[in-house]
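To start, the structure under review is shown below, and the notes come after it.
The values are calculated or read from the model by the stated rules, or taken from the named source; none is laboratory data. Computed from a predicted structure; not experimentally measured. So basically every Cβ, Gly included, is an ideal-geometry build from the backbone, and we count neighbours across all protein chains shown. Surface areas here come from the heavy atoms of the whole protein model, side chains and all, with no ligands, DNA or RNA. Shrake-Rupley method; radii C 1.70, N 1.55, O 1.52, S 1.80 Å.
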Amino acid sequence: MRCSNSAVRRTVWRSSPFLFAVVALLSVSAPAQTPPAPWSGHARDPQHTGISPVAAQPLRHIRWTARVDLRPQYSGPYLLTHYGSPVVTAGNTVIFPVKTAAANGSTGAGRFRIEARRGTDGTVVWRQDTNYLLPPHNWTPTCGPTLTPQNRVCFPGPGGTVHFRTNPDSATGTVGAWSFFGMNQYSKDPATYNARVRINTPITSDRAGNLFFGYLVLGNNPLNLKSGIARLTPTGSGAYQFASALASDPGMTQVANNCAPALSNDQRIVYVAVRNNGGTGYLVGLDSLTLAPRYRVALTNPLNGGGTIIHNDGTASPTVGPDGDVYYGTWNGGETNFRGWMLHFSADLRQKKTPGGFGWDDTASIVPAGMVPSYTGKSSYLIMTKYNNYAGAGNGDGVNQLAVLDPNDTQTLAINGATVMKEVLVIKGPTPDGDHPGFPNAVREWCINTAAVDPANRSIIVNCEDGKLYRWDLTSNTFTEGVRLTPGIGQAYTPTVIGSDGTSYAINNATLYAVGK
């Protein structure tokens with residue numbers, strides 16, 4: 001996120017009153033599953049680990065490109081739009097949302113289609129319009145599809161509906177739609193629901209094909225719905241909980257924008273963040289079958305115990321580690337140089353553990369400890385985050401880094417004296433930042449909201465605002481490969497993905513780039 005301090009502070013908010021409701025869920029058997037997709041949604045899997053099961057090809061050539069925004073909306077030199085993560089099928093079809101019309105921040109107007117392309121050469125396989133409307137926003141939020149084990153691609157539709165298409169590798173497939181409050185109810189007054197109910201997070205599928213997502217309610221509606229979280233089974237039966245009920249706090253008014261729900265390793269708990277009108281709130285753990293609240297923790301500033309901000313302009317989503325620990329990024333403005341915190345909790349959210357020193361607009365990636373030959377600690381896995389230090393924010397010097405952190409060891413963070421996760425590896429961006437002449441060591445930022453971890457090559461694929469896609473080699477702690485995508489642009493953070501044939505995908509300046517050998 002390359003932006004002025006004022007841009008970070010701006011937030012457009014549409015509040016709604018609160019009530020509590022639950023729709024009973026019908027228990028169904030999951031249909032037979034297909035081979036797992038190499039990248040099924042935000043940060044790859046329901047735990048958001050970002051770990052690729054496929055080795056990334058060498059970053060040598062741009063193999064093909066595709067526009068992900070036909071009407072990009074610039075704010076001066078910046079592109080403050082979060083683009084939804086591509087998903088990749090086992091058959092090597094790359095599926096991604098395309099913004100086809102300008103988005104209006106106050107109304108959420110803006111149109112999307114879902115586009116499927118052959119991973120080998122970018123040939124269009126199919127396209128489908130969605131009629132999805134964004135929630136009201138400041139920075140343009142994501143439209144986030146997912147792949148399910150039933151060989152469906154599911155994506156946001158209008159009025160809180162989820163649309164799906166079967167046979168995503170084929171030019172033909174069956175299409176349909178579900179509603180978490182019932183298609184019969186939706187069909188009685190679609191105009192009202194379309195205007196007042198909006199999905200506001202990426203969709204997450206569990207390993208049985210159940211779908212989880214946040215939704216925002218903007219006004220009165222026939223069912224008196226309030227903002228919250230929803231669940232859909234593989235046959236379209238729905239359940240939902242209001243945000244106020246999730247944390248047992250009537251002040252909570254929504255699930256955070258762009259916060260993709262995460263599943264525990266046994267799939268029994270779904271984690272998501274809820275917030276109030278001021279931006280403070282909770283991380284909650286819900287029963288994944290009924291959405292009944294199980295765990296909650298108020299998100300606080302590790303320095304002073306006050307509230308920390310769940311920012312609606314961010315894309316931070318929970319990450320679940322192999323041991324069940326949960327990581328979630330928050331923001332604290334100038335107090336921490338706009339870096340925020342990567343908060344860290346036990347699986348039941350009762351134990352607050354050592355935080356990471358950067359959390360703003362970032363979903364942590366999991367790094368198996370064996371990927372770092374120099375590591376001599378005791379943790380079985382590490383986490384990777386951005387480690388920007390924004391020039392002119394607090395005492396930020398513009399030395400923007402990436403970091404691999406030990407979640408079970410500590411150090412003191414120099415900028416504010418906080419006790420944080422120990423830095424195992426850090427690496428500075430390679431390109432000087434001429435936009436900050438008063439900061440001679442400043443370098444261009446890392447523009448990832450999720451990174452792609454490549455265990456086979458002991459490396460991480462990362463996208464930078466200097467316009468290049470890099471391979472960060474964890475053995476040498478150097479950038480061993482890089483391909484220029486654009487001249488560089490200050491943009492909101494974007495996802496990085498590895499496809500089923502090892503092609504790496506990154507979004508830079510409203511275009512998807514497929515990079516490989």
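A crude spin-label estimate for the pair T166 and Q267, with each label 7 Å from Cα along the Cβ direction, gives 2.0 nm. Potential lengthening of the chain between T475 and D409 amounts to 21.7 nm, from the contour at 0.36 nm per residue minus the alpha-carbon distance. Whole-Hz Karplus values for segment 414-423 come out as 4, 5, 8, x, 6, 7, 9, 4, 6, 6 Hz, taken residue by residue from phi with 6.51 cos²θ - 1.76 cosθ + 1.60 and θ = phi - 60°; glycine and proline positions read x. Hey, what number do you get for the chain at 222 nm if only DSSP H runs of n ≥ 4 count, each worth -39500 (n - 2.57), divided across all residues, to the nearest 500? Value at 222 nm, helices only, nearest 500: -1000 deg cm²/dmol. Shown for segment 125-166: the carbon plus sulfur share of the solvent-accessible area, taken with all protein chains present and a 1.4 angstrom probe, equals 38%.
The simple spin-label model puts a point 7 Å past each Cα toward its Cβ; for A90 and T419 those points are separated by 4.7 nm. With a threshold of 21 Å on the Cα-Cα distance, the over-threshold entries among K468/K517; K378/K428; K226/K352; K352/K422; K99/K468 are K378/K428; K226/K352; K99/K468.
Fully extending the segment from R207 to R484, taken as 0.36 nm per residue of separation minus the present Cα-Cα distance, adds 96.1 nm.
What per residue convex hull volume, in Å³, comes out for the chain when only alpha-carbon positions are used?
Numbers: hull volume 63.4 nm³, N = 517.
Here the figure is 123 Å³ per residue.
Residue ranges 46-59, 373-386 sort as 46-59, 373-386 when ordered by packing (mean number of other C-beta atoms within 10 Å per residue, highest first).
Each peptide in 98-104, 182-188 receives the mean, over its residues, of other Cβ atoms within 10 Å, and ordering these scores from highest gives 98-104, 182-188.
In this calculation the C-beta distance from N395 to K517 is compared with R0 = 51 Å, giving a FRET efficiency of 0.75.
At a Förster distance of 25 Å, what's the computed FRET efficiency of D129 paired with T65, Cβ-Cβ distance as r, to 0.05? Efficiency, from the Cβ-Cβ distance: 0.70. In terms of its Cα atoms, segment 124-279 spans 47, 39, 31 Å along the principal axes, sorted from long to short.
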